[in-house]
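These notes are about the structure you will find just below.
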Amino acid sequence: MLNGKIALVTGSTSGIGLGIATTLAMHGARLMINGFGDVAGALAQVREHDPGAVFHGADMSKPAEIADMVRQCESELGGCDILVNNAGIQHVALVEDFPVERWDAIIAINLSSAFHAMQAALPGMKRRQWGRVINIASVHGLVASASKSAYVAAKHGLVGLTKAAALECATTGVTVNAICPGWVLTPLVQKQVDARAAADGIGIEEAKRRLLAEKQPSLQFTTPEELAELAVFLCTPAAQNVRGVAWAVDGGWTAQ
Ligand code: NAD
């Protein structure tokens, strides 16, 4: 379905990004992946479907490295048709206790990185008259939770950036949209489950149950694969008039 399309997924060595990169490759896209940690494992997983998949180690808090990554995607793979801005980090603390360097890092990695990547990729997409930008925001781009000020601010910003860019591209073949997941059981959330288990003196399974019961009416985690199939849909011709949306996949979280 995506044969011939070239996709760059940031933060794709783990969790949601790895799920999206793998699924895009399964649907025929050629991939550039990015991120820290188990690069070899992630690349091996994506190469099962796209043997030519490549990796770029840009730190998403560094604008020059992001620009270099997009340039390299264009020169090495021949373009950047699908850009998935997914890299993200979390830190949980009250505003008055929030370490300033954590605030700066979250804004840089969860918000500004998407601006820098789009600034580098949009001209080529517009020239080729086809492009898909998919920003992985969050329910926290739509509503807030206590102790997540930087994350909530960054994700609300990302939803706003998505809308502004979508309007700028509205008469072109380039669409810009956001996906807003609720709880997805990835390493980012496992840390919060572990912290809750320790704080409440309960087991991991009970901590997961409490986490879901608080916010997510379906009482089920969304999976990276479910989000990836939505990303694939956004790349199809049927989605050509889906522009500037913030599409929640949250088990009813934001319906409340
Ligand atoms: P994760 O921790 O499993 O993956 C994060 C990825 O980002 C990893 O590949 C990591 O190496 C990469 N990364 C982190 N800092 C980076 C940097 N400076 N430069 C380059 N790469 C960097 O987390 P995840 O849960 O898969 O989250 C992915 C995205 O989905 C994030 O933007 C997150 O905010 C969003 N999200 C997650 C959930 C959830 O419940 N897990 C819910 C809503 C939104």
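Every residue, every condition in (1) in contact (Cβ under 8 Å) with a residue 12 or more places away in the chain; (2) assigned to a helix (DSSP H, G or I), yes or no:
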| site | (1), (2) |
| --- | --- |
| 25 | yes, yes |
| 65 | no, yes |
| 73 | yes, yes |
| 79 | yes, no |
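Return only the number of the condition from (1) farther than 21 Å from residue 178 by Cα; (2) open to solvent by 10 Å² or more (accessible area, probe 1.4 Å); (3) touching a residue at least 12 places away in the same chain (Cβ under 8 Å); (4) not aromatic (Phe, Trp, Tyr) that residue 44 does not satisfy.
(3)
Could you list, in sequence order, the residues of the range 93-123 that are open to solvent by less than 20 Å² (accessible area, probe 1.4 Å) and either in a loop (DSSP other than H, G, I, E, B) or more than 10 Å from the ligand (Cβ to nearest atom) (or both)?
93, 117, 118, 121
Each row is one residue, and each column tells you yes or no for (1) without any contact (Cβ under 8 Å) to a residue 60 or more places away in the chain; (2) touching a helix residue (DSSP H, G or I) at 6+ places or on another chain (Cβ under 6 Å).
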position	(1), (2)
85	no, yes
105	yes, no
111	yes, yes
117	no, yes
126	yes, no
155	yes, yes
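May I ask you to list the residues in the range 182-238 that are part of a helix (DSSP H, G or I) and of a type in the set (Phe, Trp, Tyr)? Steps first, answer last, please.
Initially, the range 182-238 is screened for residues part of a helix (DSSP H, G or I), giving 187-200, 204-215, 224-234, 237-238.
Correct list: 233 only.
Can you tell me which residue is nearest to the ligand (Cβ to nearest atom) among those in the range 71-92 that are of a type in the set (D, E, K, R) and under 26 Å from residue 230 (Cα atoms)?
Taking the candidates together, the pick is 74.
Please specify each residue of the range 15-41 satisfying the condition of being among the aliphatic types (A, V, I, L, M), within 24 Å of residue 65 (Cβ to Cβ) and open to solvent by 20 Å² or more (accessible area, probe 1.4 Å).
Scanning the range 15-41 gives 16, 18, 39, 40.
Taking residue 63 as the residue in question, decide whether it is within 18 Å of the chain's Cα centre (by Cα), at pLDDT 95 or above and open to solvent by 50 Å² or more (accessible area, probe 1.4 Å).
Working: within 18 Å of the chain's Cα centre (by Cα): yes; at pLDDT 95 or above: yes; open to solvent by 50 Å² or more (accessible area, probe 1.4 Å): yes.
Here the answer is yes, as residue 63 does meet what is asked.
The values are calculated or read from the model by the stated rules, or taken from the named source; none is laboratory data. These numbers come from a predicted model, not from an experiment. So basically every Cβ, Gly included, is an ideal-geometry build from the backbone, and we count neighbours across all protein chains shown. We work out accessible area using only protein heavy atoms, side chains counted, and drop any ligands, DNA or RNA first. Shrake-Rupley method; radii C 1.70, N 1.55, O 1.52, S 1.80 Å.
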